[in-house]
Structure formats: C-alpha cells, structure tokens
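**Student:** Have a look at the structure that comes next, please.
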Amino acid sequence: MYPFPVFLFLTILCLLGSTADAIGVNWGTMSSHPLPPPKVVELLKSNEVSKVKLFDADPLVLQALSGSNIVVTLGIPNSMLKTLNSSRKAAESWVHDNVTRYFSHGGAGVRIEYVAVGDEPFLQSYGDRFHPFVIGAAMSIQAALTKANLAGEVKVVVPCSFDTFVSESGQPSKGHFRTDLNKTMIELLTFLSKHHSPFFVTISPFISFQQNKNISLDFSLFKENARRHNDSHRTYKNSFDLSYDTLVSALSKIGFPEIDIVVACIGWPTDGAANATSSIAEKFMKGLIDHLHSKTGTPLRPRNPPIETFIFSLLDEDHRSITSGNFERHWGVFTFDGQAKYHFNFGQGTKNLVNAQLVEYLAPKWCVVNNNKELSNASASALEACSTSDCTALSPGGSCSNISWPGNISYAFNSYYQQNDQRADSCDFGGLGLITTVDPSVDTCRFFVELQTSHSTSAHEAYIFLRIILLLACLFSCLLGFTW
C-alpha cells in the first residue's frame, strides 16, 4: 500500500555504502494507462535501483525484469489466498508459472528473493476477509518452493499493515499486536523463524501524523528541533523510531524479540491531502535516508536498523483505492509518466533523478468547459466525470484545490476525457465540453495528457481499421473469384 526520492536513486551507493542494496522501491501497477514495463525497468536501471517489490506476478513485468539484475520481491494478491490455503496443487501451479519459469540461476532470468503472500491481508478495514487463509497459503507456497528445489533461494514472507500492531498509550514499550491477530501472529512468526524469513511490515509516518494529534509534522520529518517523546528512560526523536519500536515491543511480547525486520512500505504522498506536497515529501525522504544511513538504529534496537527498506512508491497510480484518503493515488516519487517530483543536493555535487525517456503520450489536447454555454448543470456533470476518473488533486489541500469555478469543472472534464483515451464523445457532457490544444494548466495544477498505451486506440480509429480489413478481405475474395 504506501508506500523514492530523487537523491535516493542516484546517490544511494555513495551514501549507504555496504547497505546500498538494502534500499528498494515498490512498483505498483494500478494505473489506467501504465508506463510500459520495459520503460519502467529502464527507469529503475538508469537510477541504479537494485531492488523492487511487486504486488502481483504480471508476466509482462517479469519479462521486462528478466536479465536486469534487479532483485525482486514477487507479490501474491489477497484474492488468491483462499485458493492457495486450500490447494497445494494451486500453489505448485503458481510457483511453476511465476517463479520457476522466470527464476535466474545465475543467468538471464529474474533474481527473485522473496514471495510476498498477500498485500497487507491483516489490514483492520478488511476484517477477517483474508486473514484466516494467510498462514495456510504461506505454507502451501513454501511447500511448492521446496518441491521446485527453490526453498533455499526464495523466502516466503507476509507483508503486514501499519495497524497490525498498536500502543494505546502511544509509548513504544506498550506495543502489542491487535488482540484479534495474536494467535495468527504467533503462527506467522513461528513459520517465518523456522524458515529464516524476515518480518515484512509497513511503517506509515504520514498516516500516524494524520491520525494522532500528538505527532507533529516536524517529528514526522526527522527535524532536530521537534518535540521529543519519552518512554521511561528512552527518548524518541522521530515518528519512524516510535513506530518501529512499537513493533519491536509487540514482537518481543509474543516471543520473537530478535527476528529480522524489513520495512516493506514507507513513503510520503505528494497530493490529495493537506501536507501531502512534493516539498514535504522531499524533507521526509531525506530525513529517512539520512537516518538509515547513520545506522544508529532505534532505542530498542540500537545499531540494528531494518535489514531492507522499500520506498513506497515508484509511480503514482490513478486506480488505487481511495478508501483511506485521496492521497493514496500520489505516493510516487515519479509522476505517472515517470517524471521526478523533487531535486536534491548532497554536498557531493548536484545529481538529479533520471526521468523516463521517450515517453509516448496521447495527442496534446485537453477537454475544458465551454464558457459560452449555460453552466448551471456543469457541477453535476463534473461530479459524474469524477466518479469514474481521478480528480483527487481537487481535494482540500491538493495541488488543484485552489483553482476556482469553472476551472475545477474543466479539470474534472479533462480527467474523464484522458481516462477515455481522448474520445471525442468523452468531451461532450451535454454540449458543455470543448476540446482545446491550449494547455489549461495553472500554477501547480497540472492538466495532464494521458499516456499512449496498447488500449488507447479510439473507437473511431478501431472502426476505420476494421472497415479497411473488411474491404481488403472483400477485394482479396473477389480476386480469387469467390463470391463475397
């Protein structure tokens, strides 16, 4: 779910030395018009990203990663857990199709390090939809890897959400797992320990800041002048350490004080909410990486930082669920089209993130409101447009929240128009829409042009193509002397 700043990609080897390969990035694909996988792999390689975590096993993504030398965590979606829990045969089939088929034995395949069973299946909002099946699914995948002679090279893990563990008092020493998960967590940790696998967890300073009035923005951003939090004789200087040690306490309480921890998702969104901006995200990322680089660890685990950390996320995704907030579609360090959101200076020369190159867009045209029309029903049309497209930038505190009416109507219209591959009829809105070649973007509010993808051919173009094929078929048949 959460979820790589500019400085991180290009200077990580210099800054983190031997721990450079312990930093990775989440690559989510919940986009209406995704950047093509080969283009994303090119983006990762040009920015020297050595580890990537996936949320599923898309064949096109795995093919693109083949031979890249990027270390991969392969995800299994929650929707598969029930089947994998009940069927070892299904697990063997999944491992064959997604691990064995692509696995690199020192050759040109995919360097698969982990299989992540589920995507935060213990998230509290899910109730018990998935968690009864998690341990069984993990055991089935482990058995399938063993049968495929890959258990020694690929570890099974289960990504746990930020709300898996709690501390009612806010003190890390009082941390514990949710009571509804206690038995399951003991089973999971016993399984992980048996197979020498780490505990994967999301840490979310942004959501902690949103939900807890005692957590200040400065405390979340690793600021030296932030008010510190005390827990007995321990002092906490930032929100990350506070959350991390709450987890350490929870692990200790059920008998697993030494298990390795991987921070599977951590990041800061850049739009869709107050304090979700590129400048604040930049401060957070710099503070986080400086903290990891220092190797100081936390009060409960001094000089023992997480063994790996995956930044959330590589790219913005306009199809992510916004149940927990409109910011969910804006975790990317890059925009949806692979353009960097921030810039850094490290004192060792300015190095900027390398953007995606030769990106293919739809035509440079936009859909806006026609100011010459009666606009009394325009707001209703905009709401309808936003119901099936991404208007999260219009949220309070968002990058387009300050544009006035009818500019916000135009933003909604254009979002729908781009979502539908710039079809002429998708800019109708009862005659209120108008297609323009003049970019209507204002200040920080970007009216985007969508990416050209394999499904971006308009209905009209498809119709013309079909007519041509039929005409050619007719001509060919006539030439052969057949009756059409």
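The values are calculated or read from the model by the stated rules, or taken from the named source; none is laboratory data. All values reported here derive from a predicted model rather than from experimental measurement. Heads up, the Cβs are rebuilt from the backbone with ideal geometry, glycines too, and the neighbour counts pull from every protein chain shown. SASA here: full protein model, heavy atoms, side chains in, ligands and nucleic acids out. Shrake-Rupley method; radii C 1.70, N 1.55, O 1.52, S 1.80 Å.
**Student:** Let me spell out the model: positive unit charges on the Cβ of Lys and Arg, negative unit charges on the Cβ of Asp and Glu, origin at the Cα centre of the chain. What dipole size does that give, in debye rounded to 20?
**Tutor:** Approximately 1120 debye in magnitude.
**Student:** A further question follows. Just one of [x] 217; [y] 185; [z] 196 is volume of the Cα convex hull per residue in Å³ calculated from these coordinates, so which is it?
**Tutor:** The listed entry that was calculated here is [z].
**Student:** Need one number: % antiparallel among DSSP beta bridges in the chain, to the nearest 5.
**Tutor:** DSSP beta bridges in the chain are roughly 35 percent antiparallel.
**Student:** Helix-only mean residue ellipticity at 222 nm, the chain, DSSP H runs n ≥ 4 weighted -39,500 (n - 2.57), per residue, nearest 500. What is it?
**Tutor:** Taking each H run of at least 4 residues, the total per residue is -9500 deg cm²/dmol.
**Student:** Then there is this: Just the accessible area per residue of the chain, please: how many Å² with a 1.4 Å probe?
**Tutor:** 45 Å²
**Student:** Can you compute the radius of gyration and Dmax for the range 33-92, using only the Cα atoms, both in Å?
**Tutor:** Cα-based Rg and Dmax for the range 33-92 come out at 13.9, 42 Å.
**Student:** Give me the percent of accessible area attributable to carbon and sulfur for the chain, probe 1.4 angstrom.
**Tutor:** Of the solvent-accessible surface of the chain, carbon and sulfur hold 54 percent.
**Student:** Ok, one more. Exceeding 25 Å between C-alpha atoms, which entries from my cross-link table qualify? They are Lys89/Lys253; Lys213/Lys237; Lys283/Lys351.
**Tutor:** Exceeds cut-off: Lys89/Lys253.
**Student:** Around Glu308, which amide H atoms from residues at least 5 apart in sequence, or from another chain, sit under 5 Å from its own amide H, with H modelled in the peptide plane?
**Tutor:** The list, which skips near neighbours in sequence, is Val263.
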